[in-house]
Ligand code: GLU
């Protein structure tokens with residue numbers, strides 16, 4: 001023990017000496033502004049591309065294939081999924097109310113998660129046969145094209161641009177884009193945000209719509225919606241703009257924030273399905289017919305009604 005103690009005192013003596021004597025102050029904190037850390041892939045965007053719906057006109061993109069029952073013919077897409085033993089679903093794990101990890105139970109919960117479980121129930125007679133794959137907004141189309149998931153249920157707006165790459169079910173929810181700000185900011189809408197950073201997820205319709213609605217605002221892109229909330233809490237962005245559904249969840253998580261302004265877009269949500277799996281589109285539309293008559297309302301009332309008020313399931317359109 002003794003040699004070690006000596007070493008400690010010696011080190012201490014050197015440190016004290018290093019601090020300098022009274023009358024010889026050292027400024028140990030150089031006056032340089034520290035760069036605040038940003039989440040991965042976060043930053044200001046100069047080119048957001050075409051506004052939300054895309055430039056291609058495909059008619060009404062929400063018209064989907066007519067359901068023809070919930071039977072599972074052999075060799076169908078549903079049959080192959082059944083054989084594999086699980087339905088692989090691309091979901092969000094960061095969006096409170098729609099797809100988020102319950103910190104107490106560790107399980108994924110929310111409106112989208114319940115839609116995914118209904119589809120698994122229809123295939124397996126067991127809603128636990130789901131393999132959830134957590135994805136960002138920007139990954140939704142690629143994971144379908146690259147066969148990494150069977151479907152995507154993730155606050156996904158149906159539009160003509162996306163229809164060039166994937167299929168969609170009928171509409172199961174209609175949201176609309178609004179704005180979330182700090183209560184003490186005084187901002188009331190997008191018009192107040194000239195030269196201000198407005199956060200949205202990369203690959204979302206929201207990011208493109210910000211530039212469309214106020215070209216003087218500075219779109220700020222991140223991977224996950226939860227990154228936007230943290231950045232606003234840190235004062236690194238001035239506002240967040242996306243679907244009212246997602247903003248309502250954030251306002252619940254942080255009561256110092258508030259949703260302001262009117263809806264300035266319509267965001268009809270559909271289940272994303274690989275382009276070639278038309279049988280799966282019809283099958284999921286049959287499942288959604290049942291969901292609209294049954295679990296839709298209880299799921300809505302559990303997750304969404306307390307924050308956005310009462311609503312009914314949207315009517316499907318078929319061709
Ligand atoms: N509904 C919008 C979209 O599909 C925004 C929501 C999101 O990105 O998760 O792009």
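A short reminder: the numbers here are calculations on the coordinates, not readings from a lab. Remember, it's a predicted structure, so these values are computed and weren't measured experimentally. Cβ placement follows ideal geometry from the backbone for every residue including glycine, while neighbour counts extend to all protein chains displayed.
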- Computed [θ] at 222 nm, deg cm²/dmol, the chain (DSSP H ≥ 4; -39,500 (n - 2.57); rounded to nearest 500): -9500 deg cm²/dmol
- Message: Starting from 0.36 nm per residue, how many nanometres of slack lie between residue 70 and residue 252 once their C-alpha separation is accounted for?
- Response: 61.8 nm
- Extended-chain gain in nm, criterion 0.36 nm per residue less alpha-carbon gap, residue 259 and residue 184: 25.8 nm
- Largest-first ellipsoid semi-axes for segment 108-195, taking √(5λ) over the Cα gyration tensor eigenvalues, angstrom: 32, 17, 12
- Item | With Cα atoms, 0 to 90° folded angle of helix 244-253 axis to the chain main axis | 40
- Message: Between residue 307 and residue 79, what is 0.36 nm times their sequence separation minus the Cα-Cα distance? Round to one decimal in nm.
- Response: 78.2 nm
- Using Cα atoms only, what is the angle between the long axis of helix 111-124 and the major principal axis of the chain, expressed in degrees (0 to 90) to the nearest 10? 50
- Inter-label distance, nm, simple model (7 Å from Cα along the C-beta direction), residue 41/residue 295: 2.9
- Listing 47, 276, 109 from the residue with the fewest other Cβ atoms within 10 Å to the one with the most, what is the order? 47, 276, 109
- Using only Cα atoms, find the angle between the long axis of helix 278-293 and the longest principal axis of the chain, and express it within 0 to 90 degrees, rounded to the nearest 10. 80
- Rounded to two decimals, the Rg over Rh value of the chain from Cα coordinates and the Kirkwood Rh reads 1.14
- Classified through the alpha carbon gyration tensor (a ≥ b ≥ c as square roots of its eigenvalues; rounded if a/c is under 1.5, else prolate when a/b is larger than b/c, else oblate), segment 48-137 comes out oblate
- Note on the structure: Highest GNM mean-square fluctuation among 108, 179, 38, for the chain with Cα springs under 10 Å, belongs to 38
- Task: State whether segment 145-271 is rounded, prolate or oblate according to the following rule on the C-alpha gyration tensor (a ≥ b ≥ c being the square roots of its eigenvalues): a/c under 1.5 gives rounded; otherwise a/b larger than b/c gives prolate, and the remaining case gives oblate.
- Result: prolate
- Message: Highest mean first, how do 290-296, 158-164 rank when packing is the count of other Cβ atoms within 10 Å averaged over residues?
- Response: 158-164, 290-296
